[in-house]
Amino acid sequence: MEKRTILSVKNICKSFPGVRALNNVCFDLQEGEVHALLGENGAGKSTLIKIIFGLLKKDSGEIILNGKELKIISPLKSYENGIALIPQERTLLMHKSIAENIFLGLEPMKNKIISKTAMINKSSELMKSFNMNIAPETLVSELSTGMQQTVEIIRAINRKAKIVIMDEPTGGLSAQEVKTLFEVIKTLKEKNISVIYISHRMEEIFEISERITILRDGENSGTYVTQSVTKEKVIEMMAGKKISSSERKEIIPGDKVLEVKDLSTSKIKNINFELRKGEILGIAGLLGSGRTEIFECIYGINRNYKGKVFINSEECTNPSVNNAIKHGIGFVTEDRKRTGLSLKSSVAKNITLPMKNEIFKRGIINTKNMKKISSEYSEKVGLNTKDMSFISGNLSGGNQQKVLIARWMAKKSGILLLDEPTVGVDVNAKQEIHNLIRNYCSENNAAVVASSDFPELLDVCSRIIVISEGKIVKEFENKNIDEKILLEYATSAGGKIYEEN
Amino acid sequence: MKKINFFRAPEFGVSVALIGLFILMSFLSPLFLSGYNLINILLQSSTYMILSIGMTFVIVTGGIDLSVGSIAVVSGILMASLMKNGVNVYLAIIAGLIISIFCGFINGFLVSKISLPSFIVTLATMSIFQGAALIFSGGLPIYGFPKSFSFLGIGSVLSVPVPVIIALICIIISVFVFKKTKIGHYALAIGDNRQAVKMCGINIFKYEMLVYMINGFTTGIAAIITTARLNSAEPLGSMSMGLDAVAAVVMSGTSLSGGTGSVTGAIIGSLLMGVLRNGMTLLNVQSYYQNLIIGIVILIAVFIDKIRNDYSYKK
């Protein structure tokens with residue numbers, strides 16, 4: 001049976017000064033459908049949904065909802081029309097309860113007083129339909145990221161939303177939470193609500209969506225029924241060209257540069273591994289498995305650990321960030337915006353931030369050196385700007401990540417610690433970053449890459465250890481293994497499943 | 001050649017306001033453009049310029065210092081009482097500067113080491129410092145100083161008033177320190193992203209302390225000038241001094257959340273306030289109205305800056 005089209009977007013054009021963001025883009029959404037919107041960073045996905053939701057004005061084209069053209073579009077109108085946007089960042093009141101959040105702006109009144117009982121009863125009803133079995137009085141700040149997202153979705157449903165737009169909904173969610181989210185999306189489908197789903201993660205899109213629309217450089221690149229296409233085809237449509245993955249070279253590991261012995265904290269137990277020159281070691285683990293914790297110990301952020309860390313066969317007796325950097329360790333953190341980049345500062349400043357004597361002479365900055373060093377390394381990592389005074393916050397995610405990698409390359413760190421190096425980065429930039437790490441390590445350096453993106457680890461690493469609940473459960477040479485095996489071990493609850501058998 | 005886009009420079013808004021006001025005033029009052037009056041404007045702005053320098057360092061780290069007025073009072077009272085008790089003028093000045101740097105140290109320590117919010121810390125120390133000055137002085141002003149001290153407030157060299165010369169020296173040094181040394185470089189970085197700076201192995205505590213101590217130091221210098229000019233140290237001295245300095249800094253496009261800003265901008269901001277006060281006095285605007293107008297001008301300057309920001313982000 002042909003489903004009814006609820007929303008159709010026709011020939012939308014939008015220009016920003018100097019850039020044509022959207023050019024005659026068309027898109028349609030059927031009732032009860034999950035429609036994935038795909039494209040690289042800058043392809044126009046965000047612009048399109050912002051136009052649909054009314055955060056931006058279109059230059060031309062029309063948006064038709066239920067057969068009627070929408071003349072005036074604003075976020076307020078969109079809510080009235082039953083369109084809700086679930087943005088990447090949470091928009092909940094953290095210190096209010098779930099019920100209060102769900103009913104924000106629509107508080108049920110009884111004699112001009114907010115009726116808490118009505119609010120709580122209705123919330124609990126809605127929450128039950130989404131399998132959320134906690135008290136509606138719970139404060140939102142006590143919930144996990146995934147649950148907060150569900151609350152946000154429930155709020156949209158409570159506002160009678162017929163179309164829910166989700167912008168990168170799985171960023172920052174654990175594997176378990178992603179599963180729950182998919183359950184929620186299925187519930188939405190049952191309620192005949194349509195979902196526009198934006199994501200970079202190919203696996204998810206193939207699991208959850210019915211149709212895929214791909215944008216490239218602000219133009220339609222195609223709409224397909226998900227089952228009728230392959231991942232390779234989709235990637236090709238997004239990039240407009242085949243992405244070549246440079247062959248993994250056989251490496252002969254050199255001297256031991258990093259050794260971790262019986263490392264334990266409250267979150268990790270007896271972690272042992274070593275890293276040799278030229279090697280790229282992968283740490284496969286899900287969110288909360290303890291991978292970041294290991295890095296924090298090596299980097300000297302967490303000093304209260306048991307066990308020993310050896311850098312270049314020398315024991316770290318006084319762990320601190322400063323000492324770690326001195327011994328040639330560079331840490332690219334998971335959250336580039338929070339712990340990585342100074343967003344308001346220039347590219348040059350960000351690349352040279354950990355430098356001391358290289359750019360300072362008796363406490364005075366040598367601007368020339370700063371420029372020279374940053375130009376050299378930003379070229380090496382293939383940054384898309386040559387202007388070293390460019391403000392880092394205006395770079396795309398992939399380029400921001402390259403700046404951070406350039407930082408440690410410029411500092412000549414022989415050991416790179418990379419935590420989720422390509423999170424929120426488009427396919428092309430991802431490949432470039434992988435090549436970058438590989439090339440750097442082939443120049444007598446070494447790296448440890450921690451990731452929950454297992455195909456990534458299979459792509460770059462020579463050896464992979466899997467951790468689960470703070471314990472190493474398995475070590476693999478990267479030969480003849482696949483994602484499934486890694487996932488199986490990563491979800492083995494600290495190896496308990498295997499111990500039982 | 002490096003292109004400088006004036007419109008996108010953070011100092012754009014306040015510069016336009018300053019130039020506009022300058023032109024307007026020269027039409028409205030024939031006395032405005034006289035050499036005497038221009039020197040007078042610089043003289044009146046000198047303390048604000050000096051105060052806004054230290055405040056810029058604090059604000060770019062994402063902090064604020066409301067206790068500036070009180071630090072000036074403490075420093076002024078100490079200098080005055082030392083001189084009254086026959087201590088050498090130079091020793092008294094050095095003592096005054098040391099106490100103001102120490103006050104800055106206390107602020108910096110509480111903000112950086114104990115991690116308390118700077119707004120609350122300096123709100124408290126504002127009261128503490130003034131209380132200390134009141135107790136020490138018994139609430140009475142101290143006046144009448146040696147000539148060599150008064151010279152710093154009312155003297156002049158080659159018909160340029162000494163406070164203007166002091167301000168100029170402070171500006172030159174601080175622009176250099178802000179642009180060319182680790183202190184300015186890291187102060188901006190700390191305000192931009194504290195966590196990122198920490199991850200680069202930079203000693204945040206050290207630089208944050210330095211920043212508050214610099215603010216203490218510039219406040220001490222401003223205290224010398226005001227005490228010498230008034231020939232009196234008042235334990236109930238002007239509390240709004242700090243807020244005026246904050247206003248001068250913020251007007252120049254320095255964000256209170258830190259990470260952006262410059263000393264030059266703060267100087268232009270202080271000059272704008274100086275021109276405004278001077279102009280209103282020339283035009284015989286009543287002092288009550290003066291406050292009202294200054295508030296409106298601050299809003300306009302910040303508004304221009306917001307438009308500039310929105311524009312450059314859209315690009």
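Please report, in whole Å³, the volume per residue of the convex hull around the C-alpha atoms of the stretch B:144-264.
Cα convex hull per residue, to the nearest whole number: 127 Å³.
Inside 10 Å of the C-beta atoms of B:31-39, what's the mean count of C-beta atoms belonging to other chains?
Neighbouring Cβ atoms belonging to other protein chains average 0 per residue here.
Dipole size in debye (nearest 20) for the stretch B:34-304 around its Cα centre, Lys and Arg Cβ +1, Asp and Glu Cβ -1?
Taking the Cα centre of the stretch B:34-304 as origin, the dipole is about 400 debye.
What is the stretch B:39-146 by shape, rounded, prolate or oblate, if you read a ≥ b ≥ c off the alpha carbon gyration tensor as root eigenvalues and call it rounded for a/c under 1.5, prolate for a/b larger than b/c, and oblate otherwise?
oblate
Please work out the FRET efficiency for the pair B:L140 and B:V87, using the Cβ-Cβ distance as r and a Förster radius of 25 Å; give the result to the nearest 0.05.
Once rounded, the FRET efficiency stands at 0.85.
With every protein chain left in place, what is the accessible area of A:H327 in Å² (1.4 Å probe, nearest 10)?
It works out to around 80 Å².
Starting from the eigenvalues of the Cα gyration tensor, five times each then square-rooted, give me the equivalent ellipsoid semi-axes of the stretch A:355-501, largest first, whole Å.
36, 16, 13
How many partner chain Cβ atoms sit within 10 Å of a residue's Cβ in peptide B:195-207, on average, as a whole number?
Across the residues of B:195-207, the mean count of other-chain Cβ atoms within 10 Å is 6.
Using only alpha carbon pairs under 8 Å that are at least six residues apart, calculate the relative contact order of the stretch A:81-237 and give it in whole percent.
In percent, rounded to a whole number, it is 24.
Please list the non-local residues whose amide H lies under 5 Å from the amide H of A:Q30, H modeled 1.01 Å from N, same-chain partners needing a gap of 5 or more.
Under 5 Å from the amide H of A:Q30 lie the amide H atoms of A:I6, each far enough along the sequence or on another chain.
Counting Lys +1, Arg +1, Asp -1, Glu -1, what net charge surrounds B:I142 among other residues with beta carbon under 10 Å of its beta carbon?
Neighbour charge sum, excluding B:I142 itself: 0.
To one decimal place, what orientation-averaged projected area in nm² is obtained for the convex hull of the Cα set of the stretch A:5-239?
Across all orientations, the stretch A:5-239 yields a mean hull projection of 13.4 nm².
With r as the distance between the Cβ atoms of B:L33 and B:S287 and R0 = 22 Å, compute the FRET efficiency 1/(1 + (r/R0)^6) and round to 0.05.
The calculated FRET efficiency here is 0.40.
At R0 = 35 Å, how high is the FRET efficiency between B:L158 and B:V16 if r is their beta carbon distance? Nearest 0.05 is fine.
For B:L158 and B:V16, the calculated efficiency is 0.60.
Filter the trypsin sites (Lys or Arg not before Pro) in the stretch B:1-104 to those in DSSP coil with at most 14 other Cβ atoms within 10 Å of their Cβ, and list the result.
Taking the stretch B:1-104 and a limit of 14 other Cβ atoms within 10 Å, the loop trypsin sites (Lys or Arg not before Pro) found are B:K2, B:K3.
Kirkwood hydrodynamic radius of the protein assembly as shown from all distinct Cα pairs, in Å?
30.4
Which distance in nm do the two modelled labels at A:K110 and A:T5 give, with both placed 7 Å along the Cα-to-Cβ direction?
About 4.7 nm separates the two model spin labels.
From the square roots a ≥ b ≥ c of the eigenvalues of the alpha-carbon gyration tensor of the stretch B:41-86, which class results: rounded (a/c under 1.5), prolate (a/b over b/c), or oblate?
Note, shape of the stretch B:41-86 comes out oblate.
Starting from the Cα of B:K198, step 7 Å along the direction of its Cβ; do the same at A:T491; then give the gap between the two resulting points in nm.
If labels sit at B:K198 and A:T491, their model points lie 3.4 nm apart.
With N residues in chain B, what two-decimal value do you get for its Cα radius of gyration over 2.2 N^0.38 Å?
Relative to the rule-of-thumb radius for its length, chain B sits at 1.00.
Counting only helical runs of four or more DSSP H residues, what would the 222 nm mean residue ellipticity of the protein assembly as shown come to if each run contributes -39,500 (n - 2.57) and the total is spread over all its residues?
Computed ellipticity for the protein assembly as shown at 222 nm equals -15500 deg cm²/dmol.
Return the distance in nm (one decimal) between the two label points of a simple spin-label model at A:L93 and A:K412, each offset 7 Å from Cα along Cα→Cβ.
Inter-label distance under the simple model: 5.7 nm.
Once you have the Cα-Cα distance between A:S60 and A:R362, take 0.36 nm times their residue separation minus that, and quote the gain in nm to one decimal.
Contour length minus Cα-Cα distance gives 102.9 nm.
Report the net charge of residues surrounding B:V263, where surrounding means a beta-carbon distance below 12 angstrom and charges are Lys +1, Arg +1, Asp -1, Glu -1.
Local net charge: +1.
The values are calculated or read from the model by the stated rules, or taken from the named source; none is laboratory data. Bear in mind the structure is a predicted one, so any value in this text is a computation, not a measurement. Please note: Cβ atoms are built from the backbone with ideal geometry, for glycine as well, and neighbour counts cover all protein chains shown. Protein only, heavy atoms only, side chains kept; ligands, DNA and RNA dropped before computing areas. Shrake-Rupley method; radii C 1.70, N 1.55, O 1.52, S 1.80 Å.
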